[in-house]
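Please read the structure below before turning to the comments.
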Amino acid sequence: MKPGRHRLLAVVLVAACLLTRPATAQEEELSKPQAKFLKAVAGDVEKMENYLAKDRYPQALKFHDAAVEKIAAVKDELIPPLLMESLQPELDKLAAARATLEAQQLQPAELPALKTGSGTVPDFARDIAPILNTRCGGCHVRNSRGQFSMATYMALMDSGQVEAGQPVNSRLVQVLDNGEMPPDAANRVPDEDIAKIREWIAAGAAFEGDANAGLAMLAGAEAAGAAGPAMTEVARPTGNETVSFSGDIAPILVENCRGCHVEAERPRGNLDLSTITTLLRGGDRGGTIAAGDGATSLLVKKLRGTADGQRMPQAAPPLPDEQIRLIETWISEGATFDGDDPGTPVGTLAALAEARGMDDAGLAARRRELAIASWQLVFPGEQPTIVEENDFQLVSGMPEPVRNRVRERLRAVTAALRETLETPDGQPLVHGKVTVFALGRQYDFGEFGRMVLGRESGSGSPASWQYDAVDAWVAVLVNGETEDDLLDALLAANLSSVQVASLTGGVPRWFADGMGRLIAERSLEKNETLRGWQTSAAATATQLSAPGKVRDVSTPESTAALASYWFLRQTLASSGNLRRVHDRMAEAPDFEAGFLTGFGATPAELLPDELPRGGQNRNR
């Protein structure tokens, strides 16, 4: 099964969360899916306004309706306040444009009403029943003053005091708002509790439990669907499983949970689904799966919408039944892990599963699809120009003269790299070739990092790269002022880093960056920019307290890259040694094995965490 991560409605994953709890003030920020959704809508609105300014009304209508379609996909969900605040200017522009388009005898799509909430639908048993029992219990739970009883959920709904979906019209909210009830002012319901009741009613005033259960009992009971204990051991497959975690489950998690629970700086509810280990550990509410019993696992219940709180993914279309069944079956079959390393990110597992068995042509075609989708994240609605070569596909929106210049520099650089690495004729430098994004403005380069990587480039350089088996790309900032010498150095170093990352499994960033710079240096011997990097690398390496700092995840990416380059440069003094290590890495099953056969030592032995007593960090 393939992720298909860039389908049209993927942009509406505005809060793909698997646990529900109110966000703290510190967490009050747009998630990556929310930002993508907002970016996509704003892009359509901008194009709409551009066409309106030119009196090109049919074209404006097209983008008006495209924006409305995206918004309509989440009309039945509660939109978090911060997202609604960010979206409101676009809604105002659409409303104004609608009047203009109607005046031209056109029929623009109607903008749907959106529901605003905290991002979490209050649960009746956990959140609402305790409020009503505490504030109204003496008169309307244990008694029926004024012939109004809320002894049970059924009694409350039959009373007519609650109009599902309409908090403003609900008598219960009205009397709480104006202070009419409770009659004792000292027992007045706090504003935050009234807000919970409002949100619950706005979301449909639902309750999945026993409608005739006593409200007092519900108020004291544990909320339904509580998580069980966390799992601490990763189970290996028995050979009888029908569902693969790497091939079936990981792609679902990557597609639907990225930004909130996958590759998230602060996973919502402390539920991190980035690896099998963290998935099994669970979050604030404990474990989310019960191995051997998929139907009762909280993860499955949240996806089906049968647990307390809101269905997940939140404010997004529900997962297809077949995907939920795959997750349920995987859990019922033991929640086993079929990868090599339990610490491998699910994104890497999904990419490896998709790429496995693809030939060069098939993988290149897939990368072209992903390139267009990534481009659309930065430039919604715009189609780039794509130039195909044996080793790369150049993706750009720049004028033809600049694009042709970049293509010629790429041809020269890849030819030099192929000679250094002795790449056979007819074989691409990287399996499936590399996508090269050429961006002409600093703003666009920054947006590319934010929208595609979810962060700014960690190197501080006007170029970046990424490799995950399925996708392989380099992004470079280039304009009329970029000298050929600098452009060649950037292309050579980043293309080489991608090539090294593709050699075997588990190649760490520091090694790919260091080897990439070294291969670039050996390929472009007269390049002045690369000579300048040598000086910077030497200074950076000598400032480290120990060589092993290049392997430390806390070391800044740019520092690790330069220091790694310098240490490898001292170790691999000749081109023959460089090719030997490169080839051994390509033949090895994983990075650790390739490093050992190539260098005759482990990374920790070659780059120790501590210097010998009395030693200094001198490069030999």
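The values are calculated or read from the model by the stated rules, or taken from the named source; none is laboratory data. These numbers come from a predicted model, not from an experiment. No Cβ is skipped: glycine too gets one built from the backbone with ideal geometry, and neighbour counts run over all protein chains shown. These accessible areas exclude ligands, DNA and RNA; they are computed on the full protein's heavy atoms, side chains included. Shrake-Rupley method; radii C 1.70, N 1.55, O 1.52, S 1.80 Å.
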- Message: For the list (1) on the phi > 0 side of the Ramachandran plot; (2) outside any helix (DSSP H, G or I); (3) at pLDDT below 80, I need the number of the one condition that Asn143 fails.
- Response: (1)
- Please note which strands (runs of 3 or more DSSP E) are completely contained in the stretch 418-486 and include at least 1 residues that are within 26 Å of Val262 (Cα to Cα) and open to solvent by 60 Å² or more (accessible area, probe 1.4 Å). 463-467
- Note on the structure: Of the listed residues (Gly282, Gly247, Gly294), the one being without any contact (Cβ under 8 Å) to a residue 60 or more places away in the chain and out of contact with any strand residue (DSSP E or B) (no Cβ under 9 Å at 6 or more places or on another chain) is Gly294
- Item | Lone unmet requirement of (1) out of contact with any Phe, Trp or Tyr (no Cβ under 7 Å at 6 or more places or on another chain); (2) more than 28 Å from Asp484 (Cβ to Cβ); (3) open to solvent by 20 Å² or more (accessible area, probe 1.4 Å); (4) not polar (S, T, N, Q) for Glu557 | (2)
- Task: Exactly one condition in (1) at pLDDT 85 or above; (2) crowded, with 22+ Cβ neighbours inside 10 Å; (3) more than 27 Å from the chain's Cα centre (by Cα) is not met by Pro237; state its number.
- Result: (2)
- Query: Looking at the stretch 84-99, which of its residues are of a type outside the set (D, E, K, R) and either over 19 Å from Ala66 (Cβ atoms) or free of Cβ contacts under 8 Å to residues at least 40 places away in the same chain (or both)?
  - Reply: Met84, Gln88, Pro89, Leu91, Ala95, Ala96, Ala99
- Query: Just checking, how many residues over the stretch 551-587 are of a type in the set (Val, Ile, Thr), closer than 23 Å to Leu421 by Cβ and in contact with a helix residue (DSSP H, G or I) (Cβ under 6 Å, 6 or more places away or on another chain)?
  - Reply: 1
- Message: Condition check: under 17 Å from Ala512 (Cα atoms) and open to solvent by 40 Å² or more (accessible area, probe 1.4 Å). Does Ser545 satisfy that?
- Response: no
- Could you count how many residues in the stretch 383-417 are in a loop (DSSP other than H, G, I, E, B) and either touching a Lys or Arg at 6+ places or on another chain (Cβ under 8 Å) or open to solvent by less than 50 Å² (accessible area, probe 1.4 Å) (or both)? 5
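Let's see how each residue does on (1) hydrophobic (A, V, I, L, M, F, W, C); (2) closer than 25 Å to Ala537 by Cβ:
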{"site": "Arg441", "(1), (2)": "no, no"}
{"site": "Arg450", "(1), (2)": "no, no"}
{"site": "Gln466", "(1), (2)": "no, yes"}
{"site": "Val470", "(1), (2)": "yes, no"}
{"site": "Glu483", "(1), (2)": "no, yes"}
{"site": "Asp488", "(1), (2)": "no, yes"}
{"site": "Gln499", "(1), (2)": "no, yes"}
{"site": "Gly505", "(1), (2)": "no, no"}
- Message: For a quick check of your reading of the model, give me the residue pairs whose first member lies in the stretch 319-335 and is closer than 17 Å to Cys257 by Cα, whose second is not in a helix (DSSP H, G or I), with beta-carbon atoms closer than 6 Å and at least 6 apart or on different chains.
- Response: Leu326/Val243; Glu328/Gly294
